[in-house]
Amino acid sequence: MRERIAAYLDDLGRMLEPAEPVLRSDVLGGVREHIDAALADGPQPPTDREVDRVLVELGPPEQVAAEALAHDRPAPQRPSGLDRAWVPSTVGLLLLITAGLYLVVIGAMAGFLAAETAPVVQADAGDGFDGSRTQEAGTALLPASYDMVWSALAPIPLVALPWLLTVVLLTGSSLWSIRQKWLGALLLPALVLVCGLLIVTTVLVPVGALRGVLVLGVFVAVVASTIWAVARLWRTGAQQARRVVSAGARADRLSISP
């Protein structure tokens, strides 16, 4: 009789080897206590028939082990709402909208500054006096007064809400690293800073070919850097989202496997 119980517990112990030691010990101890309690309620001393009845009620060792291992298996990790595939696309589109608007402003500023010419000599038709007068080229994208400070600040109310939403999505999602989150959050402030640098250029750099080359070079560099940053964030987020979805699918398959 005791040999049959010991054999049952040995089989159960071998099948519980993948489990944590604490869980394995608890399951074996609980089964042993259940057997002892069930036999104590029956005729004494317990007969082989009574032992068979108790072991049948418990079920085969593989069934008991499978149930214990199923409870020990961690629940599959579900991707959070901000780790899904729609988040990288939304962040990318918001960055394109906010950064694109300021790229238009920067392009207008750069075009105006590059189009300015050096002072030219014009004849005064009224009195015949030759005087020096600065000729400037205008642009329709800036106010008539060429108030570049106004041009840099005017879009802020339009981009503030999309930018804040972008920061919230970047901060709450685990699809990007800390450095990438900072890159996305500071992209728009960096473009506003570029507008300020262009305004400073009107004071520090004299009108001429040097200013034109400088501002156009800055504009090209800013456009290239912005496109690179948005593309990198979009691509990285999409790749991580696919990995999260794949990991969740694998966890689901494992959770339903016997």
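None of the figures in this text is laboratory data; all of them are computed from the coordinates on show. Model, not experiment: these values are computed from the prediction. Every residue, glycine among them, receives a Cβ derived from its backbone with ideal geometry; neighbour counts consider all protein chains shown.
For Ala70 and Trp228, the FRET efficiency from 1/(1 + (r/R0)^6), where r spans their Cβ atoms and R0 equals 41 Å, is about 0.25. A Förster radius of 22 Å, combined with the Cβ-Cβ distance separating Val149 from Ser89, puts the computed FRET efficiency at roughly 0.05. What the Cβ-Cβ distance of Leu165 and Glu20 gives, at R0 = 45 Å and to the nearest 0.05, is a FRET efficiency of 0.55.
Between Glu3 and Val104, the simple spin-label model (points 7 angstrom out along Cα→Cβ) gives 9.1 nm. Stretched out straight at 0.36 nm per residue, the stretch from Ala190 to Leu214 would grow longer than its current Cα-Cα span by 6.8 nm. The label point for Asp11 and the one for Thr236, both projected 7 Å from the Cα toward the Cβ, are 5.6 nm apart.
Add +1 for every Lys or Arg and -1 for every Asp or Glu among the other residues with Cβ under 13 Å from the Cβ of Gly184, and state the total. Result for the neighbourhood of Gly184: +4. Selection among Ala66, Pro18, Ile5 by position relative to the dipole of the stretch 2-72 gives Ile5 as farthest towards the positive end (Cβ unit charges, Cα centre). Centroid-to-centroid, using Cα positions, the stretch 80-96 and the stretch 9-39 are 49 Å apart.
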